Structures are given as C-alpha cells and as structure tokens.
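Asker: If you scroll down you'll find the structure; I have some questions about it.
The values are calculated or read from the model by the stated rules, or taken from the named source; none is laboratory data. Because the structure is a prediction, the values reported are computed rather than measured. Cβ placement follows ideal geometry from the backbone for every residue including glycine, while neighbour counts extend to all protein chains displayed.
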Amino acid sequence: MKSRFLLLAGAAALLGAAPSALVAQTLPAADPAPAARPTGPNVTLSGYLKDAATGEALIGATVFVKSLGAGATANEYGFYSLTVPPGRYTFTYTYVGYAPTEETLDLTANMAHSVKLGTKGVETAEVVVLGKAPDQNVRSVETGVSRLDARAIKLVPALLGEADVVRAIQLLPGVSTVGEGATGFNVRGGGIDQNLILMDEAPVYNSSHLFGLFSVFNPDAVKDLKLVKGGIPAAYGGRLSSLLDIRMKDGNSQRLSGTGGVGLVSSRLSVEAPIVKDKGSFILAGRRSYADLFLKLIPDQKDNRAYFYDFSAKANYALGERDKLFLSGYFGRDVFKFGDLFQNNWGNQTGTLRWNHVFNSRLFLNVTALASRYDYSLGVPTGTQGFEWTSDITNYSGKADFEFFRSPQSVMHFGVSSIFYTFQPGNVVPTEARSVFRELRLQEQRATEWAAYIDEERSFGPVFSVQYGLRATMFENRSTGTFYDYVGQRGQQLTPVNPQSYSPSRPVGSYPNLEPRLSARYALSESSSLKLGYNRMVQYIHLISNTTAATPLDVWLPSTRNVKPERADQISLGYFRNFKNNAYEASAEVFGKQMDNQIDYIAGANTLLNENLEAELLYGRGRAYGAEFYVKKNEGRLTGWLSYTLSRSERQIDGINQNKWYANKYDKTHVLAAVGVYALSDRLSLSGTFNYSTGVATTVPDSRYVYQGLVVPNVNGDVRNNYRVPAYHRLDVAATLKGKPHPERRWQGSWVFSIYNLYARRNAYGIFFRQNEDNPTQTEAVRLSIFGSLLPSATYNFTF
Amino acid sequence: MNRFFLLLTAGLAACGLSSCIDVVPLDVPKAGPLLSVDGQLTDQGKPATVTLALTQPYFNDTPPPPVTGATLFLEDDLGRRDTLREQTPGFYRGQGTVLGRIGGRYTLTIVTAGQTYRAETEIRRTPEVDSISLEFRNDPPSYDEGYYATYNGPELPGVGDYYRFKVYKNGVLFNKPEELIVSSDELVDGKYIGGLIVNEDPLVSGDKIKVEMLSVPRDYYFFLNELNRQINNVGLFATSPANVRTNVRSTQGGATQTAVGYFAGYTVRADSVVVP
C-alpha cells in the first residue's frame, strides 16, 4: 500500500513540473488514506485545461488528487494525462492567477475530461509575477528555466511605454545585452545567435524592430514564454545557449473580444473570436509605429519613411475530441527610406500548421509543418547609383513530437524533425539601365538538418527524479557550386586555393552529432531542492556579425567544409528554496560552459557581400562560467524580484589577441536587475526596475599615427578587448491606472505612465575614438549614449 | 556602408529617440613607439617620397616625432635602385633612378635604429577619366539646390581593380575621415561610371573641383578600407577597434607588429571643372 503510494507520488513528480511539488508536500503528512481502494488496473483521466472566459489552453496548469498525492501538468497545448487506481477522487485544478476548481469524479475507466478554470475576480491586488505553479521552481526537474506570462511583461516599466518581451527577459538571471538598442540578448555568456527563438515552433532569425529597441513580438498576441538556459530537453536543439519558446494566444473561443493600446511609438490592436464556439477560434493582432506620420508634416522630411509593423494571425479548430488543428502566421517589417538616396527594409515571416492528435488517454502527438524566413533589402531606388541588394535565410521544416504518459513514474517524449534551409547571402541588381552597378550574386547555399530524439522524465520516489534524453542530429550542406580551402597566416586575410565543385549528391559538409541531455532533482525538504543539469548542444548555422551589436544586414551562414558546427557542453547546479509557503522563492545556480568552433573575424573583416567570406573567419574556443542568484516575492501588495549574475565569458581564437584568451564583447562581470510592483489600490499600481551591469569589453588604442593627414588609432601587439566601457545603470518607473470598474461594460481601459531612465544617466553604449572635427590633429574619446536623457511616455491600453 | 548607417542613425533621431555623443576624458594605456611609414610612388614621373615618424600615445596631439637619419632605398623589378635622401627631418625623396610605371613592382628598404624593414608594392593598370562635369540638383533632403560635380569615366573589364578618389575643392583636398573614398570594382566591373556625384554641398560660381582617380593595388585597397573603418568607427554598429594592416615588415621576423603605415604604388589620373 505504502509503496504503491510512493510510486504514484513519484509519477506525479515525473509528470512534470508542478504537481510533484504538491505531492511532496502531502507526502510527509503521515499515511493519508486514499479515498478509495484500488480495485483493478489503473485508469487515466485526460483532457484539456482551459481558461473559462477565453477558452485559451492553460500551459502548465495542474490537476491534482490530494488524497493520492498524485498530479499532472498540462503541456504546451493544455493537454494533461493523469493515471490513478480506479476509485472516487476529488480533483483539484489550479493555475496561477486562476481560482482553483475542485470536483469529485468516479473513475472506473479511462475518461476524457476537459476543464475550464476561471480567473480570480479582479486581478489587481494580487499580482503574481512569474511562474505557473507556486512551487514549480523547487519541484520541477527542469533547471535554468524561467517563465514569463504576458501580464508580467506588461507590468514592467517599458521603454516609451512599449511592453516588450525581450526587454523583460533581460531582467532575468543569466541574461544580458551588449547595450540598449542592441538586437537580441545574451544567455550565460553566449552570442545572440546562440538562442533558439521559437514563435509557435517557428524559428525567428532576427528578434528586433528598430535595430534592437523593440522586439518583434506583439505582447498582446503572446500567451506564454519560457526561457531555458540549461538542461535543455532533447526535443530542442540547433543553438548553443538557450531556448526561448514563445506561444501565441489561440484566440477567444467563447466570444468576440479584443485588446489594444495607443502609445507614443506604436499602436496595437488585436481581435479574437470563436469560429464555432468551443470548437475553434482565431486571433488577429497587429501594430504599427507612426513616427513617420509626423515626418510627413516636416517639408524637409516628407519623403522620408521610418516605421515598423507586425501582424500575426492564428486560428485553431477542433476536429472532434481527438484532433485539433492550429494555423498561425507572422509577418513583420521595418522600413526606412530617405528620399531618393537610400532605402532599407527587413523583417521576419513565419507560418506554422500544427495538428494535435490524442491517440488515447496516454499518448499525445503534435505534427508541425512550418516555414520561416528573414530577409532584407537595401539600396538606392533610382538614378545612376540605383541598386537593390537583397539577402535572406529561408527554412521549411516538418516534425512530429510524441508525448507518452507511459506509467505513473514515467513520461516519454520522442520525435523526429527535418529542416531544409536556403541561404541567400547577398544579391545585387541594378535598378535601371543607366546604373553604374552590375549584377552580383553570391553563391546560394542549401542545407538539411535532421534530428531524432527521445527522453524520459522518470521518478524514483518523491525525493529524486531525472529527465534524461538523447538527441541525434545530422547536418548536410547540400549546396551546388565551388568551395575553397583557405591558406595563409591566421589573423590575416587568407587566400582561397584548391577549388572543388559540389552538388547535392556530394555534400560540402556532413556532420552527425549525438547530444546527450540530463537534468536531475533531489529534494532536500518540502521546500528546497538541488538540481543538476547537463546538456550538449550543437549549432549548425551561424550569424556572421563583427559589429558590437548585430545589424539587420548580418547574414546567417551554414556550416561548410571550413566552418565547423559549434558545440557546447554545459553543466549547471542549482539550489532552489521557497519560503513562507511559497510567498518567496529563491534560487542560486552555478554554471560552466565550454564551446568549440566559435567564429570570430580578422581585423577589419568585411562580412557583407563578400564572395570569400571564409577568408576572413577565424575559429576557436569559448568558455563561460558564473553564478546566478534570484529571489522573488510572489504575494502581497509588493511583488517583484531581484536577480544578480556574476559571470565571465571568454574566447581563445588563433589569430586574435596573440592567441590568448580574451573577454567576449558580451562579457559582463556583474548584472543586477531589481523589479518591483506595488499595488496601491485596486485601480492604481506602481512599478519600478533598476538595472546595473558592468560595461562591455572593448579595445582602446594605446597609440596613434598620421597617414596622409588622417590620424589612425593603433594597439601595440594586436590585443583585443583591453578595456571596459563604464558601468551601465538605469532606473525606470511606471504607474498603471485602471479605469473605474463597470461590470456592465465590456470596455476596460487603463493608462500607463512611465519614465525610462529616471535619473537621466548618459549610459555609454560604447566608447569610440576619432579626430576632433574642428582640429583634425587632436584626437578624442567619445561616448555614445543611445538615450541622452530620461524618456517619459503615456500609453492607453484597452480590452473589450 | 558607413554612410548607410549614418543615415539610419539619422532615421533614429527622426523618430525622436535622439541619441547623443559627447567627449569623455579617458585614461588609455600608453605604448612604446613604433615606426610609422607614409610613402608613395606614382606613375607621374616623380621619384618616390616617404615620411618616417614614430607612433605616439593616442592623446598626444603634438606633431609625430620624425625619424631622422634613416637609410632608405627603392628597388624595382628591372633591377634598378634608387636611394632616398632626407629633405626635411623625417621626409625622404628618391633621386629619380627608379620611377613608377604601370606593371612595375617595387621594394622599399628602410634601415633605422638598427632595424631593417621592407615594403613591397606595385603599380597596376588604370582607366582614364573622361571628364568631371556639373549637374544641377534640387531635391532636398537628398540634395539641396545647386551644382554638384560628377565623375565620368570607364571602368576596365575584369574584376580586381581598386580605386581611391581624391576630391579637391579650390585646391584643398577633402580630407576629413568621412571623406576618404575607396572602392573596388566588384559591383561595377566594366561599367561606365557616369554621373557619380563627388561633393556633399552645392557649389557656387567660381568653385573649382578637381578629382584624382588613383588605381591602387589590392592590398593597399584593403589598407585604406580598414583605415576608413577605424577612423569612422562611431555608432550603434561600430566594430571593435582593430589595427589596420601594413606592408612594412621587419626583416628580423617575428609575429608581433613592428611598424605601421604603408608604402604604396599607384597611378594618378585627374580632371577638373570650374562652376561658371
């Protein structure tokens, strides 16, 4: 009896994340008698957990049987499966921010049962910032995982009032950026291209609007996001440092509703409605910036354009109880035009079609077909210098992912995927006959990436559980064309030799890899645990960028003969502890990471439109290690978190810095973020964030010389990153005022007033060196601040 | 490229997200001096000239200390040899026994302070300048109203030609860091280069614009290009500062940098126009 009970408890622990928590809590309470005696083979309760008001699937919601100490967690599609002995039980369904629902069911056979949860009355005074279940951080076997829901993102004071996914992520431990206005984010000493950013399972190749000031994700369309920094499950691969899994809203399946906002920079509107109530729904969400509309009022600027927009659409439809289809698409663009002089535009497009199939109460399948593309165009529209330069990366991908609730102690995930890539590094065409430009097409590359994986979450009693898996990947560069070897001195531009012709039947490069993954949890007590994570990650495509912040023009390059796949091994160890009945959660994690085949560039490398790009690439090793500390207050009028990361990220590249280790440009010794939200009343809340981080590493000249009247900086001995830009710190504040509640009205408005960079610090984005404009023999160091002052803003948000 | 990013930055400013640049005091390390070379040999029938100096700490604004008393000689691929004599402190000029010629290859040897350095260069083929002409434009914000000088001339068929354009207004070279114009023929190979505007601000009556087109060796093109990036390296998309290449190498070997600058061979073709 007792052993059976333990097994069940373990099963719950396995079934993912939160429930195990609940399990362990009840376990020590001596011998809680089950409500019913098991009388036959186990039976399974399965179905979907949904929001009662909107029908949205609740990712990570839990179902729990207190008397058994058993529970299960809903997956990314809201599906759960809980296997118990036959009997009569009280099931409790919970989700953060929602009222727990209880019901008593007689389970004699497998049962399909979907449940709708309602939000807690007025969602004001209690502001739960993060997470899916109160003690998920301690109980889950996952390590290095942070979840943010859309509400948390909107509570943080935002730059110019634009709630932003990537900026919110940068407040989490282990995450940093090379500067405001820089695209992307860096996780545990990795580059921005080492994050696998998935939007409804489609990879996003450039996460930024306006270079990096805002991210491409419309916060009104985002339902849930999860950042995994370590112990990455075998289902995911292809990037070294992290997984950012963004799930878009499914759309309201109960009634027509919408959200929107009017801000200084952009306006947003999203509309969602049922297709057939309870069976299908859709959501359309768009936003556009409108600074350029003001430009039209200025005569000098009337021909200039500068704006961004994005649009996402998603629909889902249930084909009976067992099958569900999801179709989602995203289209975003940044557009710049300066009269006849210049135009530039870039953006991502993704499309995903998914089919969920429930084979039986214990086997769940998701099949995905997707396409994703990032492209840009730039040039001079007309005239003798007219040209258009285009580049893109496009991929088509198919995959099948199974989730098998094998036994109460074991959940297995397995699946296969394939990705077909096309890389167009750059094509230039003249825009008219009199143009001085000729046509130039850099060699297109094609590649395939295959993967198969299997993993198991397994529990060995309430104190110990593991998730272990293996991912097998195979990358083949199947380009047609001529490829070279490169010879010469490392650190100098190399010379192409030994041209070889390739075709798809003779791959340019063929790389198989095995990627083991492991996470383990050992419970020290009801409210604390130790966790270990290990992962090997392999990355086959590389963003080629030698600027401090990546530019929209940077291109992705597949692995070739010379460019080897990047590999990383990471180990992390964490201590997780919650206090005062989960009112506070805290964690301390250390990590160490080794990276192979890291790419760097010779001095003065030209990474764009370069037919012999590989002549300017250098390869070497990277290493990163650090400690992350995190404390979060979940309840009360004051909520928020404090995160601090102490870390180091270095690389050793033959041909740079005399072949010695040097700090990565995104190395930051200290990164601190404090986030606080204080609910003054049901209508008014105040929030603030404070950031502090060590300045980025850069190179400063130690000498100069004059060449034909131009003063040239020089660093003796070619040292790299010998200096730190001054530390960065910033305080932001915001106040959110909700309109008076009118229960009879559907329209609800709120105002957000915010001040970014409250004490107007001129944070240095970078330190640069130049000749004085008026006195060319004089040299000077200049500081570039993206924001020279404080930035107030007001945004009006609404829902209906 | 830089111009594009400058324009993009201007775009950001237009969005009201005004960024700012200010001068800051900074302590930078001070390195020991290296030999700095600024030399050229053209196909214009004049002997080679070389200026030798020492590098100095980055914030030292005094004139660079000249390197005096050095021994310099120039040899070509026809076995001729010319000795460069010091004319003023640090400034050396050949006697004319070696002159620049298209297709010629040259080696400059410098002996100073017990060290010997060598620099190799060549003079490559060149197209001609057809004309410098005037064009009236009035389409702000791209071009304010007025006359602009344009370059007209062919580009030779076959990729692998490199150019520097030097623009003089009323005899004064446009020589601000952002006015260094270097280009390769990769995107314009064999095309007629016509109507290429060479000045930023509109000209007034009486202004004279002279354009020198220099056909430069490939390695020197990379030198100028790298130099261009280093002296215009401010902004959101700046690169980590890095040393510009040099063709001046110590004969004693060793991988560490021992000299900076360049001794370059190139052709010069020029034409000019006066605004009526």
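Yes/no matrix, rows are residues, columns are (1) more than 14 Å from chain B (Cβ to nearest Cβ); (2) of a type outside the set (Lys, Arg); (3) crowded, with 22+ Cβ neighbours inside 10 Å:
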| position | (1), (2), (3) |
| --- | --- |
| A:Ser587 | yes, yes, yes |
| A:Gly592 | yes, yes, no |
| A:Met595 | yes, yes, yes |
| A:Gly604 | no, yes, no |
| A:Glu614 | yes, yes, no |
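Asker: Being surrounded by 14 or more Cβ atoms within 10 Å (Cβ to Cβ), of a type in the set (S, T, N, Q) and over 30 Å from B:Gly96 (Cβ atoms) is the filter here; which residues of region B:20-72 pass it?
Answerer: Across region B:20-72, the qualifying residues are B:Thr55, B:Gln56, B:Asn60.
Asker: Right, A:Arg354: at negative phi and either surrounded by fewer than 20 Cβ atoms within 10 Å (Cβ to Cβ) or in a loop (DSSP other than H, G, I, E, B) (or both) or not? Give the steps one after another, and end with the answer.
Answerer: Details: at negative phi: yes; either surrounded by fewer than 20 Cβ atoms within 10 Å (Cβ to Cβ) or in a loop (DSSP other than H, G, I, E, B) (or both): no.
No: the conditions fail for A:Arg354.
Asker: Shifting gears a bit: Among the residues of region B:218-226, is any within 12 Å of another protein chain (Cβ to nearest Cβ) and either part of a loop (DSSP other than H, G, I, E, B) or touching a Gly at 6+ places or on another chain (Cβ under 6 Å) (or both)? Can you show your working first?
Answerer: Of the residues in region B:218-226, the ones within 12 Å of another protein chain (Cβ to nearest Cβ) are B:218-226.
Right, trim to either part of a loop (DSSP other than H, G, I, E, B) or touching a Gly at 6+ places or on another chain (Cβ under 6 Å) (or both) and you get B:226.
Yes: region B:218-226 contains one or more residues that are within 12 Å of another protein chain (Cβ to nearest Cβ) and either part of a loop (DSSP other than H, G, I, E, B) or touching a Gly at 6+ places or on another chain (Cβ under 6 Å) (or both).
Asker: Go through region A:426-477 and count every residue that is crowded, with 18+ Cβ neighbours inside 10 Å and within 14 Å of chain B (Cβ to nearest Cβ).
Answerer: Residues that pass the stated criteria total 9.
Asker: Just to confirm my filter: which strands (runs of 3 or more DSSP E) fall fully inside region A:507-612 and include at least 3 residues that are within 26 Å of A:Tyr630 (Cβ to Cβ) and in contact (Cβ under 8 Å) with a residue 40 or more places away in the chain? Outline the logic, then answer.
Answerer: Details: elements: A:509-525, A:528-539, A:541-544, A:555-558, A:566-579, A:584-601.
Where strands (runs of 3 or more DSSP E) fall fully within region A:507-612 and carry at least 3 residues being within 26 Å of A:Tyr630 (Cβ to Cβ) and in contact (Cβ under 8 Å) with a residue 40 or more places away in the chain, they are A:509-525, A:528-539, A:566-579, A:584-601.
Asker: May I pose another question? Within region A:770-800, how many residues turn out to be aliphatic (A, V, I, L, M), in contact (Cβ under 8 Å) with a residue 40 or more places away in the chain and surrounded by fewer than 18 Cβ atoms within 10 Å (Cβ to Cβ)? Lay out the reasoning, then the answer.
Answerer: Filtering region A:770-800 for residues aliphatic (A, V, I, L, M) gives A:781-782, A:784, A:786, A:790-791, A:794.
Restricting the remaining residues to those that are in contact (Cβ under 8 Å) with a residue 40 or more places away in the chain gives A:781, A:786, A:791, A:794.
Still in the list and also surrounded by fewer than 18 Cβ atoms within 10 Å (Cβ to Cβ): A:794.
The number of residues fulfilling the criteria is 1.
Asker: Here is a follow-up. Looking at region B:220-242 only, could you name the residues that are of a type outside the set (S, T, N, Q), over 22 Å from A:Val696 (Cβ atoms) and touching a residue at least 60 places away in the same chain (Cβ under 8 Å)?
Answerer: The answer is B:Tyr220, B:Leu224.
Asker: Filter region A:621-632 down to the residues that are in contact with a Gly (Cβ under 8 Å, 6 or more places away or on another chain) and surrounded by 20 or more Cβ atoms within 10 Å (Cβ to Cβ), then identify the one that is farthest from A:Val145 (Cα to Cα).
Answerer: The selected residue is A:Gly622.
Asker: Just name the residue that is nearest to B:Phe263 (Cα to Cα) out of those in region B:227-241 that are touching a helix residue (DSSP H, G or I) at 6+ places or on another chain (Cβ under 7 Å) and facing another protein chain (nearest Cβ under 7 Å). Step through it out loud before you land on a result.
Answerer: So in region B:227-241, the residues touching a helix residue (DSSP H, G or I) at 6+ places or on another chain (Cβ under 7 Å) come out as B:231-232, B:235-237, B:239, B:241.
Filter once more, keeping what is facing another protein chain (nearest Cβ under 7 Å): B:231, B:235-237, B:239, B:241.
Numbers: B:Ile231: 19, B:Gly235: 31, B:Leu236: 33, B:Phe237: 30, B:Thr239: 26, B:Pro241: 23 Å.
Looking at the filtered set, the residue picked out is B:Ile231.
Asker: For residues that are crowded, with 19+ Cβ neighbours inside 10 Å, of a type in the set (Ser, Thr, Tyr) and not in a loop (DSSP other than H, G, I, E, B), tally how many sit in region A:633-672.
Answerer: 6
Asker: Does A:Arg762 satisfy the criteria of being among the charged types (D, E, K, R), under 16 Å from B:Val24 (Cβ atoms), more than 27 Å from the chain's Cα centre (by Cα) and outside any strand (DSSP E or B)?
Answerer: On the way: among the charged types (D, E, K, R): yes; under 16 Å from B:Val24 (Cβ atoms): yes; more than 27 Å from the chain's Cα centre (by Cα): yes; outside any strand (DSSP E or B): yes.
Yes: the conditions hold for A:Arg762.
Asker: Let me ask something else about it. What's the total number of residues in region A:342-365 that are among the hydrophobic types (A, V, I, L, M, F, W, C), modelled with pLDDT of 95 or more and more than 25 Å from A:Glu321 (Cα to Cα)?
Answerer: 1
Asker: Among the residues of region B:182-212, count how many are in a strand (DSSP E or B) and over 15 Å from B:Ala149 (Cα atoms). Break it down into steps so the answer makes sense when it comes.
Answerer: Taking region B:182-212 first, the residues in a strand (DSSP E or B) are B:182-184, B:192-197, B:203, B:208-212.
If we keep only those that are over 15 Å from B:Ala149 (Cα atoms) as well, we get B:182-184, B:192.
Total meeting the criteria: 4.
Asker: Going by the conditions given, is B:Glu186 away from chain A (no Cβ under 11 Å) and free of Cβ contacts under 8 Å to residues at least 60 places away in the same chain? I'd like the intermediate steps shown before the answer.
Answerer: Values: away from chain A (no Cβ under 11 Å): no; free of Cβ contacts under 8 Å to residues at least 60 places away in the same chain: yes.
When the stated conditions are applied, B:Glu186 does not pass them.
Asker: Inside region B:47-89, can you point out the residues that are touching a residue at least 40 places away in the same chain (Cβ under 8 Å) and not polar (S, T, N, Q)? Steps first, answer last, please.
Answerer: Within region B:47-89, the subset touching a residue at least 40 places away in the same chain (Cβ under 8 Å) is B:47-52, B:55, B:67, B:69-71.
Correct list: B:Pro47, B:Ala48, B:Val50, B:Leu52, B:Val67, B:Gly69, B:Ala70.
Asker: Say whether the condition of being over 22 Å from A:Thr44 (Cβ atoms), surrounded by fewer than 17 Cβ atoms within 10 Å (Cβ to Cβ) and among the aliphatic types (A, V, I, L, M) is met by at least one residue in region A:370-389.
Answerer: yes
Asker: Mind listing whichever residues of region B:83-108 are in a loop (DSSP other than H, G, I, E, B) and hydrophobic (A, V, I, L, M, F, W, C)?
Answerer: As a first pass, look at region B:83-108 and keep what is in a loop (DSSP other than H, G, I, E, B): B:89-90, B:94-104.
Those that are in a loop (DSSP other than H, G, I, E, B) and hydrophobic (A, V, I, L, M, F, W, C): B:Val98, B:Leu99, B:Ile102.
Asker: Filtering region B:243-276 down to residues that are of a type in the set (A, V, I, L, M, F, W, C) and either in contact with a His (Cβ under 8 Å, 6 or more places away or on another chain) or over 23 Å from B:Glu120 (Cβ atoms) (or both), which residue is farthest from the other protein chains (Cβ to nearest Cβ)? Give the steps one after another, and end with the answer.
Answerer: Taking region B:243-276 as the starting set, the residues that turn out to be of a type in the set (A, V, I, L, M, F, W, C) are B:244, B:248, B:255, B:259-260, B:263-264, B:268, B:270, B:273-275.
From what's left, either in contact with a His (Cβ under 8 Å, 6 or more places away or on another chain) or over 23 Å from B:Glu120 (Cβ atoms) (or both): B:270, B:273-275.
Numbers: B:Ala270: 17, B:Val273: 17, B:Val274: 22, B:Val275: 20 Å.
Across region B:243-276, the extreme among qualifying residues is B:Val274.
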